[in-house]
1. Answer yes or no: is there a residue in segment 61-73 that is touching a residue at least 12 places away in the same chain (Cβ under 8 Å) and of a type in the set (Lys, Arg).
2. Those residues that are open to solvent by 20 Å² or more (accessible area, probe 1.4 Å), farther than 21 Å from CYS32 by Cα and in contact (Cβ under 8 Å) with a residue 24 or more places away in the chain, I need them from segment 211-240; list them, please.
3. Check ALA264 against each of (1) open to solvent by 40 Å² or more (accessible area, probe 1.4 Å); (2) at pLDDT below 90 and name the one condition it does not meet.
4. Is it the case that ALA250 is touching a residue at least 40 places away in the same chain (Cβ under 8 Å) and either aliphatic (A, V, I, L, M) or more than 30 Å from ALA220 (Cβ to Cβ) (or both)?
5. State which residue is modelled with the highest pLDDT when the search covers only segment 88-121 and only residues that are of a type in the set (Ser, Thr, Tyr) and closer than 28 Å to GLN137 by Cβ.
6. What tally of residues in segment 121-132 results from selecting those that are β-branched (Val, Ile, Thr) and closer than 15 Å to PRO60 by Cβ?
7. Anything in segment 66-82 that is modelled with pLDDT under 90, in a helix (DSSP H, G or I) and surrounded by fewer than 21 Cβ atoms within 10 Å (Cβ to Cβ)? List them, or say none.
Amino acid sequence: MSATTSREPHPKTRFLPREHGATAMLLTPIVCAAILAHQWRWTELATLVAAIAALSAKDPLVVLARQRLVWKQPHPETAAALRSFAGWTLILILCGIVLAARWPLTAIVALGSGVGVFSVLAVAINVKNRQRSTLFQIASAAALTSSSLATSLSATGSIAGWCWWLWLLLAMQATAGILVVHARLDARIASRGTAPAAEGYRRAAQVALGVLACGAIAAAVLGRFWIALALLVAAAGYGYDLRGQRDRVALQLPLKRVGQRALALSSLYAVLVIIGLW
C-alpha cells in the first residue's frame, strides 16, 4: 500500500497477520518456552492470545496512522481498521488484566514498555515505507522472539535461566535467516540483468553463519552437544542456500517454496534447541 494510492478493500476486510515469517518468529518461542517450562498454567494461554493480538493490531494501526498523517482524503479501509484496532486493543487489555495477576510489577513495566516502544517504532517505519530495512527486521526478530520471556513469566512466575539462552539462540537463527533472504533477493534482481549482485548482504550473511558456527564450537566445548548440533544445522542449511544463490537456475525457485524450506529448517532448529535446553 503506497502513501498516495490504496486498493479498494472488500467490505468485510479483516486485519490479520500476513507476514508468515514474523508470525513464526513470534509463535515458535512461545511453544518452545511452554515445553521447556515443564508445567502448564492457564496464564500461558493469555500470553499466546496477547502476542497474537499485539501482532494483529499493527496493520490496522498503520492504516490509521497513514490516514492521520499521510492521506489527504478518507480511505475506505480506515473504518475497518478502526474497528479491528479497537477489537484487538480490547483483547490486549483483557489479557493484560489476566497477566497482571501473575507477573511481577517490574516485569509488567519492562515488557509492557518494550512492546509499546517497539509498536510505535514499527508503525513509524511502516508509515515511511521502510519496513524492508534490514536493521528494522533484525530488531523485529529480537523483539518477536522475546515472546519466550513472556511465556516463561506466565508459566513459572519468573524468567528462567534457560529462557535467556532460548531467546538468544532463536534470535541468532532468525537474524541469519533474514540476512540470507536479503542476499537471495539481491541475487534474484541481479540475475535479471548483466550487473553482478551486490555483495553486502551476502557478506553479512556469511558473518552471521560464522557466528552460528562459533556458537556451535563453544557449545560443544561446554558439553551442550544438542545445542551445538542445532547451530551447525542452521549454519549448514543457510550455507547451502547461499551457495545455491550463485546458480541462476536455483534462484528461480518460487519464493513460496523457499519460505517453506526456511520454515522447515527453523522448526528443526527449534526442536534441537528444546532437546538441548531440556
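1. yes
2. VAL211, GLY239
3. Only one criterion is unmet by ALA264, namely (2).
4. So ALA250 does not fit the description; no.
5. THR89
6. 2
7. GLN67, ARG68, LEU69, THR78, ALA79, ALA80
The values are calculated or read from the model by the stated rules, or taken from the named source; none is laboratory data. Keep in mind that this is a model prediction, so the values were computed, not measured. Positions of Cβ are backbone-derived with ideal geometry, glycine not excepted, and every protein chain shown enters the neighbour counts. These accessible areas exclude ligands, DNA and RNA; they are computed on the full protein's heavy atoms, side chains included. Shrake-Rupley method; radii C 1.70, N 1.55, O 1.52, S 1.80 Å.
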